[in-house]
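A quick write-up on the structure given underneath.
Read-outs throughout are calculated quantities, based only on the coordinates presented, and are distinct from any laboratory measurement. Fair warning: this is a prediction, and the values are worked out from it, not measured in the lab. Cβ sites come from the backbone with ideal geometry, for glycine too, and all protein chains shown count toward neighbours.
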Amino acid sequence: MAVAKIEPGKTRLGWIGTGVMGVSMCGHLLAKGFACTVYNRSKARAESLLAKGAKWADSPKGVAEQSDVIFTIVGFPSDVREVTLGASGTLAGAKAGSILVDMTTSEPSLAVEIYEAAKAKGVQSVDAPVSGGDIGAKEARLSIMIGGDKEVVDALQPCWETMGKTIIHQGGPGAGQHTKMANQILIASNMIGVCESLLYAYRSGLDLNTVMMSVSPGAAGSWSLSNLGPRIIANNFDPGFVVEHFIKDMGIALQESRRMGLSMPGLALANQLYISLAAQGYGRHGTHALEVALANMAGIDWKNRK
């Protein structure tokens, strides 16, 4: 099936999910000149996009009926299933030749299921989860990991380059989601190291900012250390990516690992620590709030330290 050329001013976009990352990503597409129709469970969270010229629809189906390409970035696989395959979902309103793009971190098997259901209706489907957090979304430098048919992925390039900097087609349906699982596994263990390192430095009596100056440029450096370390030190645990969504991601990765016969002890440990963090009331905080849980285990009140 030929894929229509995608360009600002001509291609109508739909956007579902205007959370921490989605609102910035859609905003970049609006600024590029794309017409966008949006939907979110809470309309108030879409007001900034409506003020920039986006149109509102009352359902995912309504978005699809007015769009050529429909993007979704929601919370959980159950949300993806509802907004895509539900009675009022995007596939119910999508016309033949349109494209569904799910940028949620979700289950690889669900990405394949959506691809097959869309194909039966003459609709294209792509899974394209992202990494980079709220900062990457705001600065349009996300890493976008894409699964789907190459000609569709290539046609979407004007959209990809508006939202991200590292844009890689990983393979067929579900490949984007599998790549994101590899990404989340890396983050899970790395975040433990970041938080334990700062906890150790604090208990040793060191100045945390000075420690950061020494360790972040060297072999121990990482995106999490450079971008989230300063937030940890400043007790700023606002979410770039929320804990409860990270627990969801680790659960998917562990489920896929079991299916493939893989033992993942590091990931399992991180998952348990984050479940503990959520139980302490930090489910809607950023993933770097793990520092608080680890400090509590050491008898340190991190947020009130001196």
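When the label point is put 7 Å from the Cα of GLU7 along its Cα-to-beta-carbon vector, which residues of the stretch 31-57 have a backbone N closer than 16 Å?
Once the point is set 7 Å along Cα→Cβ of GLU7, 32-35 turn out to lie under 16 Å by backbone N, inside the stretch 31-57.
Could you please rank LYS119, LYS303, LYS61, placing first whichever residue has the fewest other Cβ atoms within 10 Å of its Cβ?
Ordered from fewest to most neighbouring Cβ atoms within 10 Å, LYS119, LYS303, LYS61 come out as LYS303, LYS119, LYS61.
Leaving out same-chain residues fewer than 8 places away, which lysines sit with a Cα under 18 Å from that of LYS150?
Qualifying lysines at Cα under 18 Å: LYS5, LYS119.
Given LYS52/LYS165; LYS32/LYS61; LYS10/LYS121; LYS10/LYS248; LYS32/LYS121, which pairs have Cα atoms separated by over 28 Å?
Check vs 28 Å cut-off fails for LYS10/LYS248; LYS32/LYS121.
Within 10 Å of each candidate Cβ there may be at most 10 other Cβ atoms; applying that plus a DSSP loop requirement, which GluC sites (Glu not before Pro) in the stretch 69-143 survive?
none
In degrees, nearest 10, range 0 to 90: what is the angle between the Cα axis of helix 265-277 and the longest Cα principal axis of the chain?
Value to nearest ten degrees: 90.
How tilted is helix 175-203 with respect to the longest principal axis of the chain? Cα atoms for both, answer in degrees (0 to 90, nearest 10).
Taking the Cα atoms of the chain, the angle to 175-203 is about 20 degrees.
If one takes the longest principal axis of the Cα atoms in the chain, at what angle in degrees, from 0 to 90 and to the nearest 10, does the Cα axis of helix 22-32 lie?
50
Where the centre of each part is set by its Cα atoms, how far does the stretch 3-78 sit from the stretch 211-284, in angstrom?
29
Assuming 1.306 mPa s and 10 °C, estimate D for the stretch 12-172 with Stokes-Einstein, Rh taken as the Kirkwood radius over Cα pairs, in µm²/s.
After rounding, the answer is 105 µm²/s.
Taking each pair of different alpha-carbon atoms in the stretch 87-219 once, compute 1/r for the pair, average those values, and report the inverse of that mean as the Kirkwood hydrodynamic radius in Å to one decimal.
16.9
Once you charge only the Cβ atoms, +1 for Lys and Arg and -1 for Asp and Glu, what is the size of the charge dipole of the chain about its Cα centre, to the nearest 20 debye?
With only Lys, Arg, Asp and Glu charged at Cβ, the dipole is about 420 debye.
Sorting check: for 32-40, 17-25, which peptide has the highest mean count of neighbouring beta carbons within 10 Å, and how do the rest follow?
With the highest mean Cβ count within 10 Å placed first, the list reads 17-25, 32-40.
Based on the alpha carbon coordinates of the chain, what radius of gyration and maximum Cα-Cα distance (Dmax) apply, in Å?
Radius of gyration, then largest Cα-Cα span, for the chain: 20.1, 64 Å.
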